[in-house]
Amino acid sequence: MEMKKMRENMGWLYYQYLLITGIYVLEPWEQSVFNTVLFTMVAMVIYTSYVFVPVHVRLALEFFSELVRGQPESTVALMN
C-alpha cells in the first residue's frame, strides 16, 4: 500500500515537472535531450559548488578574521 502511494506521488511530481517546464509538448526524443542537458547542467553546478565554494569561504573567513583582529605590530617597531 505504501509503495503504491509513493509511486503515485512520484508520478504526480513528474507530471508537474512536465507541466511546469512545458516539455510535455515535445516529442520523446526531444524530452530526452532536454532532460540530459538539464541534468548535466545541474550536475556541473553541484560539482563546482562542492569544489570551489569551500575554498572561497575559507579565504573570506581568513580575510574577515584579520580585519577583526587588527594588523599585527611590525617587528621593526618592537625593536625600537
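Things to note:
- Projected label distance in nm at Arg69 and Lys4, using a 7 Å step from Cα toward the beta-carbon: 6.5 nm
- Rg/Rh ratio calculated on Cα atoms of the stretch 15-63 (Kirkwood radius): 1.30
- Our helix-only sum for the chain, with -39,500 (n - 2.57) per DSSP H run of n ≥ 4 divided by its residues, gives a mean residue ellipticity at 222 nm of -29500 deg cm²/dmol.
- What you get for the chain, charging only the Cβ of Lys and Arg (+1) and of Asp and Glu (-1), is a dipole of about 240 debye around the Cα centre.
- Solvent-accessible area of the chain (1.4 angstrom probe, protein heavy atoms only): carbon and sulfur portion equals 71 percent.
- Average accessible surface area per residue within the stretch 1-44, 1.4 Å rolling probe, Å²: 92 Å²
- Label point distance in nm, Tyr15-Met41, each placed 7 Å from Cα along Cα→Cβ: 2.7 nm
- Crossing angle, helix 28-69 versus the chain [Cα axis fit, 0-90 degrees, rounded to tens]: 20 degrees
The values are calculated or read from the model by the stated rules, or taken from the named source; none is laboratory data. These figures come from a predicted structure and were not determined experimentally. No Cβ is skipped: glycine too gets one built from the backbone with ideal geometry, and neighbour counts run over all protein chains shown. Calculation scope for accessible area: heavy atoms of the full protein, side chains included, ligands and nucleic acids excluded. Shrake-Rupley method; radii C 1.70, N 1.55, O 1.52, S 1.80 Å.
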